[in-house]
Amino acid sequence: MQPTVLFDLDGLLIDSEPIWDAAKREVFGPLGLHLTTEMQVATRGLRQRDMVAYWFDRATLQADPDDVEQRIVAAVCRRLEGVALKPGAEHAVAVCARASRAMAVVSSSPESVIRHALASTGLGRSFDAVFSAEDDEHGKPHPGAYLRAAAALGASPDECIVIEDSLNGVLAGVSARMTVVAVPEAADRCDPRFEIATLVLDSLKDLDTSVFGAYASRGSRDATWASRAAEPQPFREPDRAV
């Protein structure tokens, strides 16, 4: 059986995390909140409204949260033209296109940002659909966005492969009971929490067709995958500590 492959976007396919970080510094800085690298990492993979709420809960900010969110998204869109692809992104998309039944992008970013980024990189034509968690009741690490995408594409969770870079995204995929491939940033690769993923790769360049061999039939999963698989974890809220 061919799988349905669900890709994250920011930090996985495109090198947009520095863009988001710069946009947040641009908007939050004048309000008196100066985000360090460690503080930025704490909200990776969250929707913008959840990220904004996270910092409004922890700092005294004299501003409207909705306005802050809109200003950050606008700042990101200004910077997205010509955004670089992550190493191996085109390779991974091509491999998955050959081996999958359908492919989609499932991102915490607003749909306008997703489509802008895909158009800027030329990746848009490779995907059957895009799904944003922007209007969902809950964003990642809640599994809702992945479950909604699977249902829309006519796939059951066990027919889906999620490819993610952030821990919040990995949690969402695992909670959805999907096969999860984690491709964390270099600084995060030693984080043992990523081991809940079915497979952890150093780079999208390491993705090859053998990954999908178990889906050629309804047989058991590849032994290499099974040896690293973890029991599906219940959904939990992201760590609220800074």
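The values are calculated or read from the model by the stated rules, or taken from the named source; none is laboratory data. Computed from a predicted structure; not experimentally measured. Cβ atoms come from the backbone with ideal geometry, glycine included; neighbour counts cover every protein chain shown. Surface accessibility is based on the protein's heavy atoms, side chains included, excluding ligands, DNA and RNA. Shrake-Rupley method; radii C 1.70, N 1.55, O 1.52, S 1.80 Å.
Using θ = phi - 60° and the Karplus relation 6.51 cos²θ - 1.76 cosθ + 1.60, list the HN-Hα couplings for region 90-107 in order, rounded to whole Hz, with x at every Gly or Pro.
Rounded to whole hertz, the list is 5, 4, 5, 5, 5, 4, 5, 4, 6, 9, 10, 7, 7, 9, 8, 9, 10, 10.
From the Cα trace of region 40-139, what convex hull volume per residue do you get, rounded to a whole Å³?
Working: hull volume 11.8 nm³, N = 100.
Measuring per residue, one finds 118 Å³ for the Cα hull of region 40-139.
Per residue, how many Å² of accessible area does the chain show with a 1.4 Å probe?
On the way: 10790 Å² over 242 residues.
Each residue of the chain exposes 45 Å² on average to a 1.4 Å probe.
Could you work out which residue, out of 62, 40, 70, moves most in a Gaussian network model of the chain, that is, has the largest mean-square fluctuation with Cα springs under 10 Å?
Among 62, 40, 70, the largest GNM mean-square fluctuation belongs to 62.
In percent, what relative contact order does the chain have, based on Cα pairs under 8 Å that are 6 or more apart in sequence?
In percent, rounded to a whole number, it is 25.
Name the residue, out of 44, 98, 71, whose mean-square fluctuation peaks in a Gaussian network model built on the chain with Cα pairs under 10 Å.
For the chain, modelled as a Gaussian network with Cα springs under 10 Å, the answer is 98.
Can you give me the % of accessible surface on the chain that is carbon or sulfur? Probe 1.4 Å, all protein chains present, nothing else counted.
Accessible surface attributable to carbon and sulfur in the chain totals 49 percent.
Could you give each residue of region 22-31 its phi-based ³J(HN,Hα) in whole Hz, using Karplus coefficients 6.51, -1.76, 1.60 with θ = phi - 60°, and x for Gly or Pro?
Going residue by residue, I get 5, 5, 5, 5, 4, 8, 6, x, x, 8 Hz, with x marking Gly and Pro.
On a 0 to 90 degree scale, rounded to 10, what angle separates helix 65-79 from the longest Cα axis of the chain?
70
Given points 7 Å out from each Cα along the Cα-Cβ axis, report the residue 64 to residue 202 separation in nanometres with one decimal.
4.9
Shape verdict for the chain, please, from the Cα gyration tensor: rounded (a/c under 1.5), prolate (a/b greater than b/c) or oblate.
On the way: a/c = 1.89, a/b = 1.60, b/c = 1.18.
Taking the square roots of the gyration eigenvalues as a ≥ b ≥ c, the chain is prolate.
Is it possible to state the helix-based mean residue ellipticity at 222 nm for the chain, with each DSSP H run of 4+ residues giving -39500 (n - 2.57), the sum divided by total residues, to the nearest 500 deg cm²/dmol? What is it?
Values: 9 runs with 87 residues, N = 242.
Result for the chain, helices only: -10500 deg cm²/dmol.
GNM, the chain, Cα, under 10 Å: largest mean-square fluctuation among 65, 30, 184?
30
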